[in-house]
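*Asks:* My structure is below; once you've seen it, I'll send some questions.
The values are calculated or read from the model by the stated rules, or taken from the named source; none is laboratory data. Keep in mind it's a predicted model, so treat the numbers as computed, not measured. Here the Cβ is made from the backbone with ideal geometry for all residues, glycine too, and neighbour counts use every protein chain on show. Calculation scope for accessible area: heavy atoms of the full protein, side chains included, ligands and nucleic acids excluded. Shrake-Rupley method; radii C 1.70, N 1.55, O 1.52, S 1.80 Å.
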Amino acid sequence: MGMKKIMTRLAAVFLVAALTLPVAAAQNGKGPWKNPYSDVTESQWSYSYIARLSQAGILPDSDKFRSTDQETRLEFVAALYAMHLSLGGKAVSGDSLPFTDVPADSADYDAVLWAYESGVVNGVSETSFNPGGSISRQDTCTMLLRFAREEKLSLCAVDDARQFADSLSVRQYARTPVTVCQMSGLVNGYDNGYFRPAGFITRQECAAVLCRLLDAAEQKPEAGALTVDLTDGAYDSLYDGYTAPPSGLVEKSDAVDLSYFDDAVFIGDSVSLMLQYYNASTKALGNAQFLCAGSLSPANALWNVSSSSIHPSYQGKKMLVEDGVAACGAKKVYIMLGINSLRGGVDSTSQDLVTLIDRILAKAPDVSILVESVTPMAASSTIITDSLNNTKIQAYNDKMQSICEERGWYFINVAEVLRDKDGYLPGVYCSDNNAMGIHFTYDGCKVWVDYLKTHAPEALK
């Protein structure tokens with residue numbers, strides 16, 4: 001099946017219904033809901049879901065809900081335990097936990113104990129639960145299936161088993177759980193056809209899923225209704241016939257028209273700032289937008305905004321990268337970051353970039369991610385050390401290419417045309433020879449732009 005046809009078939013928003021539950025449904029016959037959350041308003045799509053769960057006692061008492069924050073493992077397990085109790089399940093009783101990071105006096109100790117004893121959740125190791133760790137979409141589905149099986153729920157099949165564009169990125173253990181949740185209507189795909197199994201799930205997305213699960217638990221299937229098979233591995237064989245979508249390294253093709261960049265935003269540090277200046281002068285990338293800041297890195301981009309923080313500005317206001325992407329309305333997100341934090345290591349830098357991209361996708365779920373390779377340093381650079389050099393830059397680029405292939409993102413290897421035979425940034429392309437040796441001349445920017453024009457993913461044209 002062609003990519004465009006797949007995209008058409010899968011045009012549904014992940015975890016977000018086209019129409020939210022009416023407020024009356026959220027109230028569940030218990031009278032008007034008194035909203036305790038100062039950051040939840042009736043205008044947000046998740047309002048009815050949050051209201052429904054709050055009235056059912058499944059959400060904890062708090063003055064803020066933090067809708068777009070990533071759901072943690074502890075928060076999700078606590079919600080499942082509260083739902084278990086609301087459905088008439090027994091309170092936990094049993095042995096102590098093996099997890100040293102969940103103390104016995106923790107408010108959610110019983111929730112974790114119940115989830116562990118019932119098999120709904122495992123630890124990340126024999127002695128660690130990682131309560132503050134974010135939960136991925138595929139792990140969410142895995143816990144939902146285990147919960148449904150533990151509670152002896154019957155989930156009606158409301159959709160045919162079908163391929164998400166990135167189904168082959170789902171880990172083996174989560175393949176049947178993802179299909180179960182998709183067939184039962186607990187989750188859907190983004191409107192670009194992707195599920196993003198390894199991506200993190202936000203708290204309001206969790207509210208939507210849990211609300212649907214609660215509805216399914218409280219409604220008995222009609223006689224003869226088709227139900228979903230909750231057996232381990234029941235749908236694994238479906239994946240044998242699935243095809244992988246284009247992702248990872250983007251190959252050379254015919255040059256695109258400048259209009260291709262009208263819905264693109266470029267995120268970067270001072271290296272990309274020169275590309276921004278070049279475009280402002282020449283319009284070589286047309287109406288592309290830029291969210292760049294000197295010394296920006298995958299690490300400091302995750303910090304809170306302050307008067308002294310390093311964050312890009314949009315329309316004169318400093319903001320988080322993910323907020324800038326959401327505000328500018330871009331659909332293609334080009335991102336080149338890493339050189340300012342590579343001294344700390346390839347693994348930590350790549351993980352920070354993945355976290356940043358997941359934050360972007362949480363705020364703007366329908367964008368396409370295009371990771372640009374970090375460009376090399378000039379031979380005359382005065383900042384080359386054992387911890388920052390072209391060998392390390394290449395290792396980071398290789399790591400990010402692999403991650404892009406796994407996560408369904410695109411990798412634009414612009415560095416390959418911006419290095420000489422010895423792997424250095426050519427002097428003619430470098431504006432700060434005998435200094436940092438990483439910034440570009442307009443000649444270098446022209447080569448960069450020409451590469452971007454001839455390495456555009458076919459699916460995005």
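*Asks:* Name the single residue, out of those in the stretch 421-435 being hydrophobic (A, V, I, L, M, F, W, C) and not in a loop (DSSP other than H, G, I, E, B), that is nearest to the chain's Cα centre (by Cα). So that I can check it myself, show each step before the final result.
*Replies:* From the stretch 421-435, those hydrophobic (A, V, I, L, M, F, W, C) are 425, 428, 430, 435; that's our starting set.
In the following step, the residues that additionally are not in a loop (DSSP other than H, G, I, E, B) were identified as 428, 430.
Numbers: Val428: 38, Cys430: 34 Å.
So, considering only residues that are hydrophobic (A, V, I, L, M, F, W, C) and not in a loop (DSSP other than H, G, I, E, B), the one nearest to the chain's Cα centre (by Cα) is Cys430.
*Asks:* Ok, one more. Please count how many residues of the stretch 233-253 are modelled with pLDDT of 95 or more and outside any helix (DSSP H, G or I).
*Replies:* 3
*Asks:* Is it true that some residue in the stretch 261-268 is modelled with pLDDT of 95 or more and surrounded by fewer than 16 Cβ atoms within 10 Å (Cβ to Cβ)? Explain how you work it out, then say what you get.
*Replies:* Taking the stretch 261-268 first, the residues modelled with pLDDT of 95 or more are 261-268.
Of the ones still in play, those that are also surrounded by fewer than 16 Cβ atoms within 10 Å (Cβ to Cβ) are 262.
The answer is yes, given that some residue of the stretch 261-268 is modelled with pLDDT of 95 or more and surrounded by fewer than 16 Cβ atoms within 10 Å (Cβ to Cβ).
*Asks:* Moving to a separate point now. Does the stretch 192-214 contain any residue that is outside any loop (DSSP other than H, G, I, E, B), more than 30 Å from Ile357 (Cα to Cα) and not hydrophobic (A, V, I, L, M, F, W, C)?
*Replies:* The initial filter retains those residues of the stretch 192-214 that are outside any loop (DSSP other than H, G, I, E, B), namely 200, 202-214.
Of the ones still in play, those that are also more than 30 Å from Ile357 (Cα to Cα) are 214.
Imposing the further condition that a residue be not hydrophobic (A, V, I, L, M, F, W, C) reduces the set to none.
No, that holds for no residue.
*Asks:* Follow-up question, since we're still on this one. Cβ contacts < 6 Å: first residue within 21 Å of Cys141 (Cβ to Cβ), restricted to the stretch 58-83; second residue of a type in the set (Ser, Thr, Tyr) and open to solvent by 10 Å² or more (accessible area, probe 1.4 Å), any location; separation 6+ or different chain. Result?
*Replies:* Between residues of the stretch 58-83 that are within 21 Å of Cys141 (Cβ to Cβ) and residues that are of a type in the set (Ser, Thr, Tyr) and open to solvent by 10 Å² or more (accessible area, probe 1.4 Å), the close pairs are Gln70/Ser134.
*Asks:* Against the definition (of a type in the set (A, V, I, L, M) and either at pLDDT below 95 or part of a helix (DSSP H, G or I) (or both)), how does Leu285 come out, yes or no? Spell out the reasoning first.
*Replies:* Numbers: of a type in the set (A, V, I, L, M): yes; either at pLDDT below 95 or part of a helix (DSSP H, G or I) (or both): no.
For Leu285, the condition - of a type in the set (A, V, I, L, M) and either at pLDDT below 95 or part of a helix (DSSP H, G or I) (or both) - is not met.
*Asks:* Lys152 versus (1) of a type in the set (Lys, Arg); (2) assigned to a loop (DSSP other than H, G, I, E, B); (3) surrounded by fewer than 20 Cβ atoms within 10 Å (Cβ to Cβ); (4) touching a residue at least 12 places away in the same chain (Cβ under 8 Å): which is the lone unmet condition?
*Replies:* Lys152 satisfies every listed condition except (4).
*Asks:* Return only the number of the condition from (1) in a helix (DSSP H, G or I); (2) more than 25 Å from Tyr451 (Cα to Cα); (3) open to solvent by 50 Å² or more (accessible area, probe 1.4 Å) that Ser308 does not satisfy.
*Replies:* Status for Ser308: all satisfied but (1).
*Asks:* From the list Ser67, Ser62, Ser136, which residue is at pLDDT below 95, within 20 Å of Glu205 (Cβ to Cβ) and touching a helix residue (DSSP H, G or I) at 6+ places or on another chain (Cβ under 8 Å)?
*Replies:* Working: Ser62 fails: touching a helix residue (DSSP H, G or I) at 6+ places or on another chain (Cβ under 8 Å); Ser136 fails: touching a helix residue (DSSP H, G or I) at 6+ places or on another chain (Cβ under 8 Å).
Exactly one residue qualifies, and that residue is Ser67.
Rundown of residues vs (1) touching a residue at least 24 places away in the same chain (Cβ under 8 Å); (2) part of a helix (DSSP H, G or I); (3) surrounded by 22 or more Cβ atoms within 10 Å (Cβ to Cβ), yes/no style:
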{"site": "Thr355", "(1), (2), (3)": "yes, yes, no"}
{"site": "Ala378", "(1), (2), (3)": "yes, no, yes"}
{"site": "Leu388", "(1), (2), (3)": "yes, no, no"}
{"site": "Gln401", "(1), (2), (3)": "yes, yes, no"}
{"site": "Glu406", "(1), (2), (3)": "yes, yes, no"}
{"site": "Arg419", "(1), (2), (3)": "yes, no, no"}
{"site": "Gly437", "(1), (2), (3)": "yes, no, no"}
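*Asks:* Which of the residues that make up the stretch 190-247 are among the hydroxyl-bearing types (Ser, Thr, Tyr) and over 26 Å from the mean Cα position of the chain (by Cα)?
*Replies:* Once the filter is applied, which keeps residues that are among the hydroxyl-bearing types (Ser, Thr, Tyr) and over 26 Å from the mean Cα position of the chain (by Cα), the stretch 190-247 yields Thr227, Thr231, Ser237.
*Asks:* In the stretch 295-305, which residue that is part of a loop (DSSP other than H, G, I, E, B) and farther than 29 Å from Val256 by Cβ is most open to solvent (accessible area, probe 1.4 Å)?
*Replies:* To start, the set of residues in the stretch 295-305 that are part of a loop (DSSP other than H, G, I, E, B) comprises 295-299, 303-305.
Filter again for farther than 29 Å from Val256 by Cβ, leaving 295, 297, 299, 303-305.
On the way: Ser295: 61, Ser297: 5, Ala299: 30, Trp303: 153, Asn304: 130, Val305: 64 Å².
Here the answer is Trp303.
*Asks:* Return the residues of the stretch 312-349 that are among the β-branched types (Val, Ile, Thr) and either surrounded by fewer than 17 Cβ atoms within 10 Å (Cβ to Cβ) or within 22 Å of Ile438 (Cβ to Cβ) (or both); say none if nothing qualifies.
*Replies:* Here is the first cut: in the stretch 312-349, the ones among the β-branched types (Val, Ile, Thr) are 321, 325, 333, 335, 339, 346, 349.
If the condition is that a residue be among the β-branched types (Val, Ile, Thr) and either surrounded by fewer than 17 Cβ atoms within 10 Å (Cβ to Cβ) or within 22 Å of Ile438 (Cβ to Cβ) (or both), then Val321, Ile335, Ile339, Val346, Thr349 are the ones that fit.
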